[in-house]
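Data block below; observations after.
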Amino acid sequence: MNNPIEIRGNIAVRNLRQAKFSNGLPFMINSKDLPAHQCYLEYPSGKISLMTLAPNNRDFLLIRDLTSTEAAKVRERYNLP
């Protein structure tokens, strides 16, 4: 069972995700399952892209867009509605 700190953290992350989407911005999903310097970017449209950090350490480069099935699995894995 989640402790109160975990519950508050999860709520904060969900609120941040919704705020990003409301402003038309992508939400970064970090995963320990990905290699170093890689992450997912989830867009308000529902698309999820696999990204890597650019050599300048300021930008992201697209590796590939996930299929709708892959995107659904990522959302399920991280319990994202």
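The values are calculated or read from the model by the stated rules, or taken from the named source; none is laboratory data. Given the structure is predicted, the values throughout are model-derived calculations rather than measurements. All Cβ positions, glycine included, derive from the backbone under ideal geometry; neighbour counts span all protein chains shown. Remember, those area values only see protein heavy atoms, side chains included, never the ligands or the DNA or RNA. Shrake-Rupley method; radii C 1.70, N 1.55, O 1.52, S 1.80 Å.
Which residue out of Phe27, Phe60 is surrounded by 15 or more Cβ atoms within 10 Å (Cβ to Cβ) and farther than 18 Å from Lys73 by Cβ? Testing whether each residue is surrounded by 15 or more Cβ atoms within 10 Å (Cβ to Cβ) and farther than 18 Å from Lys73 by Cβ leaves just Phe60.
Listed by first and then second residue, the pairs with beta-carbon distance under 8 Å, at least 6 apart or on different chains, first residue in segment 1-14 and within 14 Å of Leu80 (Cβ to Cβ), second surrounded by 10 or more Cβ atoms within 10 Å (Cβ to Cβ) and charged (D, E, K, R), form an empty list. Inside segment 12-41, can you point out the residues that are over 17 Å from Asp59 (Cβ atoms), more than 11 Å from the chain's Cα centre (by Cα) and assigned to a loop (DSSP other than H, G, I, E, B)? Those that are over 17 Å from Asp59 (Cβ atoms), more than 11 Å from the chain's Cα centre (by Cα) and assigned to a loop (DSSP other than H, G, I, E, B): Asn23, Gly24, Lys32, Asp33, Leu34, Pro35. Take Thr52 and tell me if it is over 11 Å from the mean Cα position of the chain (by Cα), surrounded by 14 or more Cβ atoms within 10 Å (Cβ to Cβ) and outside any loop (DSSP other than H, G, I, E, B). Taking the combined requirement at face value, the residue satisfies it.
Only one of the numbered conditions (1) open to solvent by 40 Å² or more (accessible area, probe 1.4 Å); (2) assigned to a loop (DSSP other than H, G, I, E, B); (3) hydrophobic (A, V, I, L, M, F, W, C) is not met by Leu80, and that is (1).
The set of residues from segment 34-52 being at negative phi, in contact with a strand residue (DSSP E or B) (Cβ under 6 Å, 6 or more places away or on another chain) and not charged (D, E, K, R) comprises Gln38, Cys39, Tyr40, Leu41, Ile48, Ser49, Leu50, Met51, Thr52. One residue is enough: does segment 42-49 have a residue meeting the conditions open to solvent by 50 Å² or more (accessible area, probe 1.4 Å) and charged (D, E, K, R)? Yes: one or more hits.
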